Amino acid sequence: MNPAMIGVAAAAVSAVATAQAIRFDNEPTGVTPAGWSCGVTGGGSPRWTVERDPTNTQGRVLLQSGRGTFPWCVRSGTAVTDGFVEARFQPISGHEDQAGGVVWRWKDGNHYYVARANALENNVSLYYTEGGARKTLKYVNAPVARGVSHTLRVEFAGNQIAVWLDGTRYIDWRDDHIAGPGAVGVWTKADSVTAFSEFSYGSSTR
């Protein structure tokens, strides 16, 4: 991307009008948390349940422990056009992938944006999903340790997208494939076993 574009997306969504922060500590274990809708793009048998936090016996996490092409779990009733989405996640295991991601402008299981970090590949990437097919926009090398909690954040406004991992901005991009409001949520890939301990999102004023 042109260096002049660096930071454009961040500036465009700096004024957040509404924000929501979610944890899973008060949710019953062994079931999908209330207010979330989960499924998979492609095929497979994903399993999204609230479980005890592997790093904190007092806490609970949203755990994906099944298998699918691209498992996702979105916050029901959300409709964000411009704003941010952020997740605190821990890649636990996986032979094919050890990925944790966030989705936004999610129209349905076949149309949405996704950014993810992968502990097997040590990178951060940005995609859009259209007609059930994932399309790559950008890959960037980044340190993603397995068994360690990471924070993945995306800010988006119009066609501008910025992606952070653990406080470092790795991607600034423009893309016009998916516009308008959509749901926000979390995402994994293949056999990734991934725990999400915190999730937040917000809409911005422009």
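Any chance you could count how many residues in the stretch 50-60 are surrounded by fewer than 19 Cβ atoms within 10 Å (Cβ to Cβ) and at pLDDT 95 or above?
Adding up the residues that qualify gives 1.
Across the stretch 162-193, what is the number of residues that are part of a strand (DSSP E or B) and among the acidic types (Asp, Glu)?
1
Answer yes if at least one residue in the stretch 61-75 is touching a residue at least 40 places away in the same chain (Cβ under 8 Å), farther than 19 Å from Ser192 by Cβ and surrounded by fewer than 22 Cβ atoms within 10 Å (Cβ to Cβ), and no otherwise.
yes
Condition first: touching a residue at least 40 places away in the same chain (Cβ under 8 Å) and not basic (Lys, Arg). Now tell me which residues in the stretch 155-172 satisfy that.
Those that are touching a residue at least 40 places away in the same chain (Cβ under 8 Å) and not basic (Lys, Arg): Glu155, Phe156, Ala157, Gly158, Gln160, Ile161, Ala162, Val163, Leu165, Tyr170, Ile171, Asp172.
With the requirement that a residue be farther than 19 Å from Val80 by Cα and within 13 Å of the chain's Cα centre (by Cα), what does the stretch 165-206 give you?
Leu165, Thr188, Lys189, Thr194, Ala195, Phe196, Ser197
State which residue is nearest to Phe156 (Cα to Cα) when the search covers only the stretch 87-119 and only residues that are within 11 Å of the chain's Cα centre (by Cα) and charged (D, E, K, R).
Arg116
Please list, ordered by residue number, the strands (runs of 3 or more DSSP E) wholly in the stretch 78-161 having 2 or more residues that are polar (S, T, N, Q), surrounded by 23 or more Cβ atoms within 10 Å (Cβ to Cβ) and at pLDDT 95 or above.
In the stretch 78-161, no matching strands (runs of 3 or more DSSP E) lie anywhere.
I'm checking my understanding of the structure. Among residues of the stretch 162-206 that are among the basic types (Lys, Arg) and over 18 Å from Gly100 (Cα atoms), which one is modelled with the lowest pLDDT?
Checking each candidate, the answer is Arg206.
Among the residues that make up the stretch 31-44, is at least one of them part of a loop (DSSP other than H, G, I, E, B), small (Gly, Ala, Ser) and more than 20 Å from Arg116 (Cα to Cα)?
Yes, that holds for at least one residue.
The values are calculated or read from the model by the stated rules, or taken from the named source; none is laboratory data. Quantities reported herein were computed from a predicted structural model and do not represent experimental measurements. We place every Cβ from the backbone using ideal geometry, glycine too, and count neighbours over all the protein chains shown.
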